[in-house]
Amino acid sequence: MFERLSDQTIQIVRRSILVLNFIAVIFYSSSFVFATGYITENGYAVSFLHQIGHVPYSPVFLFWCSVSLYILLLLVIKARHEEEREKISSLAVLEMVLAILLIFSMNGSYNGSILVVLSDLLYSNRSRKRWSVLMILGSLIFIGTDSELLGIFFHMPSLVTYISYFPPLTGSVLRTFINAFSILNIALFGTFLIVSLLVRQRERQDIEDELQFVSQVNTELKNYAALSVADAEDNERKRISREIHDTLGHALTGIAAGIDACIVLIDIDPKKTKEQLQNLSVVVREGIRDVRKALNKLRPGVLETAGFKDALEKMIHEFEMTSHVEIDFFYGWDNVDLQKTTEDIIYRIIQESITNSVRHGHAHKIEVQLFKEDTRLMILIQDDGEGVDEIKDGYGLTQMKERVAIINGVVHYFSKKGQGFRTTVEIH
């Protein structure tokens with residue numbers, strides 16, 4: 001049954017609250033007008049004034065004032081939903097001010113407008129922390145605007161005082177309507193809270209299922225790569241393992257960073273989490289294609305369909321989308337003609353360096369520069385990661401040195417604890 005609930009269901013309940021409160025405003029305001037007329041026509045005016053102790057405002061004025069305030073409240077709600085909904089703006093404050101003024105315009109007899117504003121603010125905000133704060137503030141204001149409590153501090157004759165002059169049967173009917181509006185309003189608001197929580201819970205479950213799917217794809221990719229390496233011939237094993245490390249390692253690092261971001265965002269903004277998962281899906285599919293092409297002795301897929309510079313920019317852009325790392329890229333080789341083998345190796349060097357910066361250095365910003373220095377082609381990759389005092393040549397760094405040697409180049413590393421990692425490649 002809960003699977004049928006959706007954001008549209010929340011909208012229906014919320015609009016029901018708006019309609020119910022509009023009817024209530026009309027009912028309460030009209031009752032003041034008719035009750036005043038009845039009191040005047042039947043000679044109860046002196047007794048009424050003696051009971052309340054002051055001359056009340058014109059009921060006709062209160063009627064139009066109440067209706068106008070509620071219509072203005074609806075317009076402000078509409079205007080606020082056209083801006084950023086997650087934002088607690090001045091319009092949200094204006095909503096609450098109008099709701100309080102509406103309560104006073106009806107002599108404090110009905111404070112349901114507080115629930116109108118509270119349901120609107122809760123609908124617009126998905127953060128659990130904001131929900132807690134709004135519920136506490138809204139509850140305090142709702143309790144503080146109760147008619148009996150307001151009567152202690154302000155001279156406002158409630159509708160109950162007016163209808164006490166009606167005949168018993170008429171007064172009983174009117175009191176029934178008064179209680180019905182209050183009960184229905186609270187019941188609808190409670191329904192709104194329950195439906196909202198159920199829908200949000202289902203959205204979080206959907207996101208968790210998608211995260212599990214991505215994790216399953218990662219596992220399948222690892223198994224696929226392992227089987228491919230095991231079946232390769234001995235003289236091809238080193239080359240294939242290097243390609244798998246570059247493609248799959250790069251993709252999985254970006255995916256892992258993206259999943260971490262999703263875990264942080266899931267309770268704050270499910271919509272942005274879904275967008276992040278869509279980005280991860282693109283990277284997963286790109287990784288699968290690269291793995292297959294590596295196994296078929298092909299170049300990286302992006303180099304087959306785009307120029308060298310465009311391929312680098314695409315790879316960097318995809319990494320920024322999935323890992324939230326800022327990468328500054330400078331390309332100064334526009335007039336350099338590179339062989340395909342050289343392009344492949346340089347592409348892998350840059351890819352490997354970026355992956356290492358995130359995976360091992362936990363960098364937030366990376367700078368990649370390709371430029372000429374005399375007759376040499378230079379590559380500089382600098383990050384702001386954690387850095388190390390002693391650089392140990394692992395699998396990735398060893399493979400990088402071997403690749404650079406193939407194209408008649410040398411690679412240098414520099415790092416210190418807390419000062420990031422710098423890779424410099426010279427190609428003669």
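A few points about this structure:
- In nm, spacing of pseudo-spin labels at Phe27 and Leu197 (7 Å Cα→C-beta vector): 2.7
- For the stretch 398-428, trypsin sites (Lys or Arg not before Pro) meeting the loop criterion (DSSP other than H, G, I, E, B) and having at most 13 other Cβ atoms within 10 Å: Lys416, Lys417.
- If R0 is 22 Å, the Cβ-Cβ spacing of Glu275 and Val93 corresponds to a FRET efficiency of close to 0.15.
- Computed from the C-beta positions of Met135 and Glu390, the FRET efficiency with R₀ = 60 Å rounds to 0.65.
- When the listed pairs Lys272/Lys372; Lys274/Lys416; Lys271/Lys417; Lys340/Lys416; Lys372/Lys417; Lys274/Lys372 are checked against a 31 Å cut-off, the alpha-carbon distance exceeds it for Lys272/Lys372; Lys274/Lys416; Lys271/Lys417; Lys340/Lys416; Lys274/Lys372.
- Nitroxide proxy distance, nm - points 7 Å out along Cα→Cβ at Asp328 and Ile406: 3.1
Here, each number is a calculation from the coordinates, and none is a lab measurement. Keep in mind the model is a prediction, meaning the values are calculated, not measured. Here Cβ is always computed from backbone atoms with ideal geometry, including for glycine, and neighbour counts include all displayed protein chains.
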